[in-house]
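The values are calculated or read from the model by the stated rules, or taken from the named source; none is laboratory data. The structure displayed is predicted, hence computed values, not measured ones. As a convention, Cβ positions derive from the backbone with ideal geometry for all residues, glycine included, and neighbour counts pool all protein chains shown. Only protein heavy atoms, including side chains, enter the accessible area calculation; ligands, DNA and RNA are left aside. Shrake-Rupley method; radii C 1.70, N 1.55, O 1.52, S 1.80 Å.
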Amino acid sequence: MRRRDREVSDPAKIREIIAACHCCRLGFADGGKIYIVPLNFGYQEEDGQRTFFFHSAPEGRKIDLIEKTHYAGFELDAHYQLNPADTACAHSARFQSVIGFGRVEFVREEDAKVAALRCIMRHNTGREDWAFSPQAVQNVAVFRLDVEEISAKAVSY
């Protein structure tokens, strides 16, 4: 990170930023181009491993790219606020962001899919006591991104 004064390295603060986010953008390499898709997500840390969970239709471009590459970059941001100024170049912004990359794998076992879906619902609703029909679980693709590299930044003026 170029601006070390903006780096967030405290794991608790990184968790706070992630908790404040409602959208995680995944970026996939696709034949020399980049494909970025915004998704809702769940997040957990277990035994030092940071993991994001996602759900999706079981077919489509991102599914094809996961099967092909098994890697994605990610970006989350929160608390954006414009700091206006009298001149264009003097404008600035405050925000918090988290970026990184990791290995992506499908979650195929039914109990693990349900746990991942509950994690997603917990992040988005604050509740995890959701029930999922076997048919719904069977018809949804669930995948996880195990974080290999992460960095966070907070900008305030």
Identify, please: which residue in segment 27-78 is in contact (Cβ under 8 Å) with a residue 60 or more places away in the chain and β-branched (Val, Ile, Thr) and is, among those, nearest to PHE101 (Cα to Cα)?
THR51
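One line per residue, one yes/no per condition, for (1) touching a strand residue (DSSP E or B) at 6+ places or on another chain (Cβ under 9 Å); (2) farther than 29 Å from SER9 by Cβ:
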residue	(1), (2)
LYS113	yes, yes
ARG118	yes, yes
ASP129	no, yes
GLN138	no, yes
VAL142	yes, yes
ASP146	yes, no
ILE150	yes, no
ALA154	yes, no
Do we have any residue at all in segment 120-141 that's open to solvent by 60 Å² or more (accessible area, probe 1.4 Å), under 20 Å from ILE66 (Cβ atoms) and not polar (S, T, N, Q)?
no
Quick check on segment 39-50. Is at least one of its residues crowded, with 20+ Cβ neighbours inside 10 Å, aliphatic (A, V, I, L, M) and within 12 Å of the chain's Cα centre (by Cα)?
no
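Results for (1) within 20 Å of THR51 (Cα to Cα); (2) outside any strand (DSSP E or B); (3) modelled with pLDDT under 95, shown as yes or no for each residue.
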| site | (1), (2), (3) |
| --- | --- |
| LEU82 | no, no, yes |
| ALA85 | no, yes, yes |
| CYS89 | no, yes, yes |
| ILE99 | yes, no, no |
LEU145 meets each of (1) more than 19 Å from ILE18 (Cα to Cα); (2) part of a strand (DSSP E or B); (3) not aromatic (Phe, Trp, Tyr) with one exception, condition (1)
Looking at LYS113, LYS62, LYS68, which one is in a helix (DSSP H, G or I) and touching a Ser or Thr at 6+ places or on another chain (Cβ under 8 Å)?
LYS62
When segment 128-142 is checked residue by residue, the ones that are touching a residue at least 40 places away in the same chain (Cβ under 8 Å) and either under 14 Å from ILE99 (Cα atoms) or part of a loop (DSSP other than H, G, I, E, B) (or both) are VAL140
Looking at segment 79-102 only, could you name the residues that are among the aliphatic types (A, V, I, L, M), open to solvent by 80 Å² or more (accessible area, probe 1.4 Å) and farther than 28 Å from ILE150 by Cα?
ALA88
